[in-house]
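A short reminder: the numbers here are calculations on the coordinates, not readings from a lab. Note that the structure is predicted; figures quoted are calculated from it, not measured. Neighbour counts run over all protein chains shown; Cβ positions are idealised from the backbone, glycine included.
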Amino acid sequence: QVLLIESGGGLVPAGGSLRLSCSGSAHTFSRYAMGWFRQAPGKGREFVAHISWSGGTTFYANSVKGRFTISRDNAKNTVALQMNTLKPEDTAVYYCAARDYSGSIYDYEYDYWGQGTQVTVSS
């Protein structure tokens with residue numbers, strides 16, 4: 001069982017930055033690939049980025065590539081999402097998720113989820 005807790009959301013003007021953090025409870029946190037997803041009002045959950053258990057491999061959705069950076073610190077059981085040059089269309093609830101083995105762009109392949117943190121980008 002892995003308990004995930006996101007933090008760092010908030011209201012930011014377009015062009016601004018936010019850094020989301022996700023803390024994991026399990027002492028085996030380092031074995032899990034981690035992903036970030038988001039869900040805007042009235043829309044389905046959308047893949048944002050994932051990172052391998054070691055941090056050596058990352059993958060991004062085209063919509064955030066070059067603006068967002070995913071990273072992890074296994075010593076602290078945390079994964080972060082640095083979001084720069086934010087746009088109003090980035091407004092959503094952001095979730096972190098964990099799964100065994102490799103990362104995935106599919107939300108149904110993740111086993112554990114956080115409760116989400118709201119990101120609102122004003123125009």
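Mean-square fluctuation check for the chain, GNM, Cα pairs under 10 Å: which of LEU20, LEU11, LEU81 is largest? Greatest mean-square fluctuation among the candidates belongs to LEU11. Could you check which residue among TYR101, TYR60, TYR112 shows the biggest mean-square fluctuation in a GNM of the chain with a 10 Å Cα cutoff? Answer for the Gaussian network model of the chain: TYR101.
Annotation for segment 9-55: trypsin sites (Lys or Arg not before Pro) lying in DSSP loop with at most 16 further Cβ atoms inside 10 Å of their Cβ are LYS43. Take every DSSP beta bridge whose two residues both sit in the chain; close to 90 percent of them are antiparallel.
Taking 23 Å as the straight-line reach from the Cα of LYS43, the lysines in range (excluding those fewer than 8 positions away in the same chain) are LYS65, LYS87. Rounded to the nearest 20 debye, the dipole size of the chain about its Cα centre is 220 debye, using +1 on the Cβ of Lys and Arg and -1 on the Cβ of Asp and Glu. From largest to smallest, the equivalent ellipsoid semi-axes obtained for the chain from the alpha-carbon gyration tensor read 23, 14, 13 Å.
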